[in-house]
Amino acid sequence: MNSKKQLMRRIQALDFAIYEMVLYLDTHPTCQQGLRLINQYRNERKLAVAEYEKMYGKLVLAAKDAGHGNRWDWVDNPWPWENEGNE
């Protein structure tokens, strides 16, 4: 498996872990271990996404990423499926 796919799987695994922690914390809102874990997973995801975007381009559109000036410039970037051929 190439590094792009490994990194994407890491991000997906962290997304899953964060979602599971959200569900857990809904019923255990004061659990300190749960709060530490979700913060750890969030930080790890943030780093993984930054690494992915540095190497392969934007992963998710955020409002701050496009629409500067008088033109919607998000469309100037390669679409996710256009990057697939560059592996």
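Could you please find all residues in the stretch 19-47 being among the polar types (S, T, N, Q) and either in contact with an Asp or Glu (Cβ under 6 Å, 6 or more places away or on another chain) or closer than 25 Å to M8 by Cα (or both)?
N39, Q40, N43
Would it be correct to say that Q6 is within 30 Å of E82 (Cα to Cα), open to solvent by 80 Å² or more (accessible area, probe 1.4 Å) and of a type outside the set (D, E, K, R)?
The answer is yes for Q6.
Please find, within the stretch 9-30, the residue that is farthest from A50 (Cα to Cα) out of those that are open to solvent by 50 Å² or more (accessible area, probe 1.4 Å) and in contact (Cβ under 8 Å) with a residue 12 or more places away in the chain.
By that ranking, first place goes to V22.
The values are calculated or read from the model by the stated rules, or taken from the named source; none is laboratory data. Predicted model, so just to flag it, every value in this text is computed and none were measured. Using ideal geometry, Cβ is built from the backbone for each residue, glycine included, and neighbour counts are taken over all protein chains shown. Protein only, heavy atoms only, side chains kept; ligands, DNA and RNA dropped before computing areas. Shrake-Rupley method; radii C 1.70, N 1.55, O 1.52, S 1.80 Å.
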